[in-house]
Amino acid sequence: MKKIFLLVYVLIIVSTFHQKAMAQFPVGAGRFMLAPTYNYYHAGGYWDKNGLYNSYSSGGKFTSNYFGIYGAAGIDRKWEFVFNIPLVVQTYSDSVRLIQNGSLGDVSLGLTYFTQMTDPQKHFSITGSIIIPLYQNMPLPSTISSVTPPFVGFQTTGAELKLDYSGSTQEIWKSSYYVFEAGARQYFSSYGPTQFFGSATFGTALDDDWKLTGKLSFVNSSSNYIVGATPDGVNRDYSYFRMEVGAGRKVTKATQIYLNLFQDITGRNIGRGTGFSIFAVIRF
C-alpha cells in the first residue's frame with residue numbers, strides 16, 4: 001500500500017511545467033507580463049515502473065489544485081527578469097482514508113536572454129533560474145493512521161536551464177505561432193533528481209479575438225534511488241508524456257484568457273492524470 005502512495009504524488013513541479021501561451025515572446029524594455037493560473041489535476045490510477053497502468057485500490061483518487069503567478073519584467077531589449085510563485089492543495093482519498101496537504105511550493109527566479117534574430121517574427125531565448133522551496137514535507141495523520149501525505153515537492157534548492165525558440169508562420173498559415181522548449185533541472189541533494197523536459201506548442205487565430213492551441217510535452221525525472229528508498233520517501237524517478245488542446249480569447253488589447261484540457265498519454269512511476277487549466281496573459 002505504501003508503494004501506491006509513493007506513486008500517486010504528482011508533485012508541484014509537474015504542474016509548473018505548464019506553459020503560459022505567448023510567454024516566450026519578449027515583453028519589451030520597461031514593460032511587464034503577468035500570467036495568473038489555475039490548474040486542476042485528477043488521477044484514478046498510476047503507471048508502475050514498467051509503464052503498466054494500475055487503478056488505485058479501494059476506489060482511490062488523487063487531485064491537485066494548483067494556483068500560480070508567472071511574471072516577466074523587461075530590463076532592456078534583450079534581458080528579462082522572470083519568476084513563478086505557486087500554491088498547491090493536494091488530496092488523496094479512497095474508501096478508508098483521506099490525506100490532504102496544502103502549501104506554497106517551489107518558487108523560481110531567473111533571467112531570460114533573447115538573442116539577436118534577423119527575422120523580427122522569430123525569437124530565441126535562454127533562461128537560467130534558481131528554485132527555492134517554501135515548504136517542509138511532513139507526515140500528516142489520515143483518518144485511520146499516520147501515513148505519508150502527498151508531497152508538495154522535493155524540498156531542496158535547484159537550478160534550471162531552458163531554451164526556447166518561438167515565432168510566427170505567417171508565410172505558411174496566417175496568424176499562427178509556435179513555441180519549442182527544451183531544458184534541464186538539477187536539484188542539489190544527494191538524491192537529486194536530474195530532470196529533462198521539452199514541449200512543442202502551436203497556435204492559430206480563428207479571428208481577431210479567438211485562438212486555438214495544441215501542445216505536446218514530456219518530463220523525465222531520474223535518480224539513483226528507487227521509489228521509497230530515500231529517507232523522505234519522495235518519488236524522484238518518473239516520466240510522463242502529455243497532450244493538451246485549448247482555446248484563448250482576447251479580452252482587451254493587453255489581456256488574453258485561455259482554457260486548456262490535458263491528458264497524460266503514457267508514463268512511468270507516476271499517476272495517470274487528466275484535467276484542465278485556466279490562465280490569463282496580461283501585458284502592461
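What FRET efficiency comes out for Arg97 versus Asp48 if R0 is 25 angstrom and r is the Cβ-Cβ distance? Round to the nearest 0.05. Could the numbers behind the result be given before it?
Details: r = 21 Å, r/R0 = 0.83.
After rounding, the FRET efficiency stands at 0.75.
Among Asp106, Asp119, Asp237, what is the fewest-to-most ranking by other Cβ atoms within 10 Å?
Ordered from fewest to most neighbouring Cβ atoms within 10 Å, Asp106, Asp119, Asp237 come out as Asp119, Asp237, Asp106.
Give me the number: length gained by fully extending Gln136 to Ile278, i.e. 0.36 nm times residue separation minus the C-alpha to C-alpha distance, one decimal in nm.
Taking 0.36 nm per residue and subtracting the Cα distance, the gain is 48.4 nm.
For the pair Leu104/Ala159, report the inter-label distance in nm, with labels modelled 7 Å from Cα in the Cβ direction.
About 2.4 nm separates the two model spin labels.
Throughout, read-outs are computed from the coordinates displayed, never taken from laboratory work. What you are looking at is a predicted structure, and each value in this text was computed from that prediction instead of being measured. Glycine gets a Cβ as well: all are built from the backbone with ideal geometry, and neighbour counts include every protein chain shown.
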